[in-house]
Amino acid sequence: MEIFWFIIIALFLAIFFILDGYDFGTGIIHLFFAKTDKDKEVISKAAGLFWDSNEVWLVAAGGLLFMAFPTLYASAFSGFYLPLIIVLWLIIFRAIGLELRSQIDHPIWRTIWDKAFGVSSLLLALFFGVALGNVARGVNLGGVENGVSAYEAHYFFLPLWNPSFSPSTTHPGVIDWFTIVIGIIAVVTLAIHGANWIILKTNASINNKLKSVIFNLNIALAVLTIFSVSIWHIIEPHPLANYLEYPAFLIFPMVYFIGLIGTFFIKKFKKEVYGFACSSIMIVGGITSTLATMFPVLLPSTNDTNPGLTIYNTATSQYGMSVAIPWMIVGIVLIIIYFLVQKKLNAGKIDDMDYGH
Amino acid sequence: MEDMIFYDRLQFAFTITFHYIFPQLTMGLSLIIILFKGYYLKSNNEIYNDAAKFFMKIFAINFTMGVVTGIPMEFQFGTNWAKFSELTGGIIGQTLAMEGTFSFFLESSFLALFIFGEKLMGQKLHFLTGFFVFLGSWASGYLILATNAWMQHPVGYEVLANGKFVLTHFSELFSNPWLLPAFLHNQMASLVTSSFVVGSIGAFYLLIKKHEAHGKLFLKTGVIIGLISSLLVAFPTGDLNAKNVAKYQPAAFAAMEGIFETEEAGAEIVLIGQPNMVEKKLDNKIAVPNILSFLTYQEWDKQIIGMDHFDKSELPDNIPALYYSYHIMVGLGTIFIGIMGISMLFLYRKKLYSFKPLLWTILFLVPFPFIANLTGWYVAELGRQPYLVYGLLKTVDGVSPTVSSGNTLFTLLGFVALYMLLGLLFLVLVGKTIYHGPQHQKH
């Protein structure tokens, strides 16, 4: 039962990162590569039309986490207090930028809000990567000081950084050099993903150039991936243990590498959607591989006093988890129907469509 | 500890107040939009279609605001009220997760279809997408009210030895006697806000002599629905709610009505007066004898328990704020019925569209239903104090154990700054839409 809810929540989060991921990535590309007014306009529209329905997935994932694993929700949300609230601010600020840019027709006004949109997209991608890095590395559960817990065993509070920026201390901060590496991986991945989305959804003049950008970014990503895998043992002494115990888990890193290798053929794809598909499965593979390395742990402990949080010691009652399954199944069927209906309507390029705006 | 809780409460109060400006408008507006659209299908008169699409634009802006200010609400359960989330997540997580799964997807998917898909779908399907938007927004309200109802009057639970609340009867979350009156009261109040907004935009167009045909339609619609909903807010839904408070939260009832001493032979209803917490009485009181007993129990001389009956630890911790919130809500509600009643009379006599004093009144009435809605929620939330889960979990015991008050103040200040910007954006967008007018739809 715990596993069922774990899979559902991981699925919702993965879909959120695919959907809002291209939103963030679009912002990153916009920041660095969009030069003409027309490109800026159409690229910000490629994010602007969809961001709010994409963020619904985050709300839903949060609600499900709250219901199925309340202890984890309470522990992680209060422990990662500052980074989470900063993410909220960035989400809001980014939306303001997107909605305000076209309100006053003046170059300075547009430049300000375009930058706001681009920079907050970049920071969001970075922060989500840092978050994944934090979850993989673990935290000082219980606030242990010299073997004594300052709080209940499952609570903690993380500073934004500690002076050493080292991931291997017992008192890590949110930002250390390991989580920054994961953050940069997220930025590069989502930039590729966003570029694929722009190619798929617009006729921007830079689309051909973006294919070279994707290719180059992908080289960087491959290097970063190999680097992060080679240093993974710093935060987890036995990174391969789970894969040896459950060989079926190997499917997740395989999915990631298929996406990564596939992206190198970006210039040869006959259909634009193949590029987007490659970066999507790269995102899914990246997230699921990290979770698979940790399973069933959700948040490791960096001290020896308190155990890590797992799907078993943070779950709600069996009754609560089972009574929610029927409505969840109904909900998923409905969501699939909405998705198909919407997809039919939103097919095609944005600048070819008459949205009546 | 007391200090730490202050900023957590202030941050929640500030963010929820700002958030609730938007859903109260969208919920009622979605109903008015499908009424317009339905009337268009019947009459084939383009003006109704213009109206439906115009207000869907305003709906969309509000929906966006609701989403971006709603995410911090869900997050704050975990960030600031971690202990509460840990202990009750197994129960209120159900209704909150259902809201995310059912209403948001429904609302956001069909909103996009309604705005972009009219030509593609044809009129009947377009009406249907509008109906689904309405369904989504009301389902969202229902599930939030179900969550709140459980906090006001917990049912279907069991408390484990470690203090955790676990669900024992899923269906009781929805048969909670607190839920239905609260939901209907809230939805009618939301309809008051949206009908006043519709009527006010109509009055504005008539006063500036632009889009006058649409203006007349908006004003007429606003007045008719405004009068009906203002009446329904008071009776029966408001009445049923007050009786629930008297029954399940007598301490909150005494505080909101301003009853300091138990009145054995029937309680008076207080119209005006300022709570004096030192001498435990109302200053400058104007009251009508025996009415409160009659309204609550339909008996003129029935006893009403006063605040003297309760230990200080059981009473709400901010009695004056609770008392004022309640009296502002009820006072405004009464004024709404009066103004909408008079407007109805003028409408019936066909004099409303040219009677400027009333047009100005309706135009400037528009902030007040928002205030009435918000103070109504303050009554519910302040009345539940000092508890988060009434009678079972105190507010001080629900706060995050590891988040310091300095960090909370930091994030509160950040929210204040950001929401100022967001409020400005909202005014610009809505102002532009209204200025543009409803006629701009023909291609």
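Does A:Leu98 satisfy the condition of being surrounded by 21 or more Cβ atoms within 10 Å (Cβ to Cβ) and modelled with pLDDT of 90 or more? So A:Leu98 fails the test. Answer yes or no as to whether B:Leu425 is without any contact (Cβ under 8 Å) to a residue 40 or more places away in the chain, open to solvent by less than 30 Å² (accessible area, probe 1.4 Å) and part of a helix (DSSP H, G or I). Considered against the rule, which asks whether it is without any contact (Cβ under 8 Å) to a residue 40 or more places away in the chain, open to solvent by less than 30 Å² (accessible area, probe 1.4 Å) and part of a helix (DSSP H, G or I), B:Leu425 comes out as yes.
Of the residues that make up region A:178-190, is at least one open to solvent by less than 60 Å² (accessible area, probe 1.4 Å) and out of contact with any helix residue (DSSP H, G or I) (no Cβ under 8 Å at 6 or more places or on another chain)? No, region A:178-190 contains no residue that is open to solvent by less than 60 Å² (accessible area, probe 1.4 Å) and out of contact with any helix residue (DSSP H, G or I) (no Cβ under 8 Å at 6 or more places or on another chain). In a residue-by-residue description of region B:29-39, the property of being of a type in the set (Val, Ile, Thr) and either within 11 Å of another protein chain (Cβ to nearest Cβ) or open to solvent by 10 Å² or more (accessible area, probe 1.4 Å) (or both) applies to at least one position. Looking at A:Ile335, A:Ile283, just one residue is among the β-branched types (Val, Ile, Thr), open to solvent by less than 50 Å² (accessible area, probe 1.4 Å), facing chain B (nearest Cβ under 9 Å) and assigned to a helix (DSSP H, G or I), and that residue is A:Ile335. Residues in region B:265-308 that are farther than 21 Å from B:Met329 by Cα and assigned to a strand (DSSP E or B) were compared, and the one that is least open to solvent (accessible area, probe 1.4 Å) is B:Ile304.
Inspection of region A:12-26 identifies at least one residue that is open to solvent by less than 30 Å² (accessible area, probe 1.4 Å), within 10 Å of chain B (Cβ to nearest Cβ) and in a helix (DSSP H, G or I).
When each of B:Leu295, B:Leu345, B:Leu315, B:Leu358 is tested for being out of contact with any Lys or Arg (no Cβ under 6 Å at 6 or more places or on another chain) and without any contact (Cβ under 8 Å) to a residue 12 or more places away in the chain, the lone residue that passes is B:Leu345. The number of residues in region B:50-80 that are polar (S, T, N, Q) and open to solvent by 10 Å² or more (accessible area, probe 1.4 Å) comes to 1. Looking only at residues of region B:325-368 that are among the aromatic types (Phe, Trp, Tyr) and surrounded by 20 or more Cβ atoms within 10 Å (Cβ to Cβ), we find that the one that is farthest from B:Gly273 (Cα to Cα) is B:Phe336. The set of residues in region A:61-82 being surrounded by fewer than 24 Cβ atoms within 10 Å (Cβ to Cβ) and within 7 Å of chain B (Cβ to nearest Cβ) consists of A:Thr71, A:Leu82. Taken together, the residues in region A:84-103 that are more than 7 Å from chain B (Cβ to nearest Cβ) and under 20 Å from B:Ala60 (Cα atoms) amount to 5.
Pairs are defined by a Cβ separation below 7 Å, a sequence spacing of at least 6 or placement on different chains, a first member in region A:303-318 that is more than 14 Å from chain B (Cβ to nearest Cβ) and open to solvent by 70 Å² or more (accessible area, probe 1.4 Å), and a second member that is in a helix (DSSP H, G or I) and not small (Gly, Ala, Ser); the pairs so defined are A:Tyr312/A:Glu2. Can you tell me which residue in region A:113-122 is surrounded by the most Cβ atoms within 10 Å (Cβ to Cβ), limited to those that are more than 12 Å from chain B (Cβ to nearest Cβ), under 17 Å from A:Asp39 (Cα atoms) and not small (Gly, Ala, Ser)? Checked region A:113-122; the qualifying residue surrounded by the most Cβ atoms within 10 Å (Cβ to Cβ) is A:Phe117.
Checking each residue in region B:131-142 for being open to solvent by 10 Å² or more (accessible area, probe 1.4 Å) and either without any contact (Cβ under 8 Å) to a residue 60 or more places away in the chain or within 13 Å of chain A (Cβ to nearest Cβ) (or both) picks out B:Phe132, B:Leu135, B:Ala139, B:Ser140, B:Tyr142. Checking each residue in region A:229-277 for being among the basic types (Lys, Arg) and either touching a His at 6+ places or on another chain (Cβ under 6 Å) or not in a loop (DSSP other than H, G, I, E, B) (or both) picks out A:Lys267, A:Lys268.
Among the residues making up region A:1-46, those that are touching a His at 6+ places or on another chain (Cβ under 8 Å) and aliphatic (A, V, I, L, M) are A:Ile18, A:Ile43. Only residues that are crowded, with 24+ Cβ neighbours inside 10 Å and among the hydrophobic types (A, V, I, L, M, F, W, C) were counted across region B:16-26, and they come to 1. The residues of region B:237-255 that are more than 18 Å from B:Ala149 (Cα to Cα) and out of contact with any His (no Cβ under 8 Å at 6 or more places or on another chain) amount to a single one, B:Ala255.
B:Ala112 meets all of the listed conditions (1) closer than 30 Å to B:Phe218 by Cβ; (2) more than 7 Å from chain A (Cβ to nearest Cβ) but one, namely (2).
Scanning region B:115-130 for residues that are more than 9 Å from chain A (Cβ to nearest Cβ) and in contact with a Lys or Arg (Cβ under 9 Å, 6 or more places away or on another chain) returns B:Gln123, B:His126, B:Phe127, B:Gly130.
Residues of region B:81-95 that are open to solvent by less than 20 Å² (accessible area, probe 1.4 Å) and either within 7 Å of another protein chain (Cβ to nearest Cβ) or among the basic types (Lys, Arg) (or both): B:Ala82, B:Ser85, B:Glu86, B:Gly89, B:Gly90, B:Gly93, B:Gln94.
Can you pull out the residues in region A:35-50 that are out of contact with any Phe, Trp or Tyr (no Cβ under 8 Å at 6 or more places or on another chain) and either at positive phi or surrounded by fewer than 24 Cβ atoms within 10 Å (Cβ to Cβ) (or both)? Answer for region A:35-50, where residues must be out of contact with any Phe, Trp or Tyr (no Cβ under 8 Å at 6 or more places or on another chain) and either at positive phi or surrounded by fewer than 24 Cβ atoms within 10 Å (Cβ to Cβ) (or both): A:Lys35, A:Thr36, A:Asp37, A:Lys38, A:Asp39, A:Lys40, A:Glu41, A:Val42, A:Lys45, A:Gly48, A:Phe50.
Of all residues in region B:222-230, none are open to solvent by 50 Å² or more (accessible area, probe 1.4 Å) and either farther than 23 Å from B:Leu332 by Cα or of a type in the set (Phe, Trp, Tyr) (or both).
Report whether or not A:Trp109 is hydrophobic (A, V, I, L, M, F, W, C) and more than 10 Å from chain B (Cβ to nearest Cβ). Spelling it out, A:Trp109 is indeed hydrophobic (A, V, I, L, M, F, W, C) and more than 10 Å from chain B (Cβ to nearest Cβ).
What pairs can you find where one residue is in region B:167-193 and away from chain A (no Cβ under 14 Å), the other is open to solvent by 40 Å² or more (accessible area, probe 1.4 Å) and not in a loop (DSSP other than H, G, I, E, B), and their Cβ atoms are less than 6 Å apart, with a gap of 6+ or different chains? Listed pairs, sorted by first residue: B:Pro181/B:Leu240; B:Phe183/B:Tyr142; B:Met188/B:Leu232. Annotation note: of B:Pro438, B:Pro401, the sole residue that is more than 7 Å from chain A (Cβ to nearest Cβ), assigned to a loop (DSSP other than H, G, I, E, B) and on the phi < 0 side of the Ramachandran plot is B:Pro438.
The values are calculated or read from the model by the stated rules, or taken from the named source; none is laboratory data. Every value quoted in this text rests on a predicted model; they were computed, and no experiment measured them. Cβ coordinates were reconstructed from backbone atoms using ideal geometry, including for glycine residues, and neighbour counts include every protein chain displayed. We work out accessible area using only protein heavy atoms, side chains counted, and drop any ligands, DNA or RNA first. Shrake-Rupley method; radii C 1.70, N 1.55, O 1.52, S 1.80 Å.
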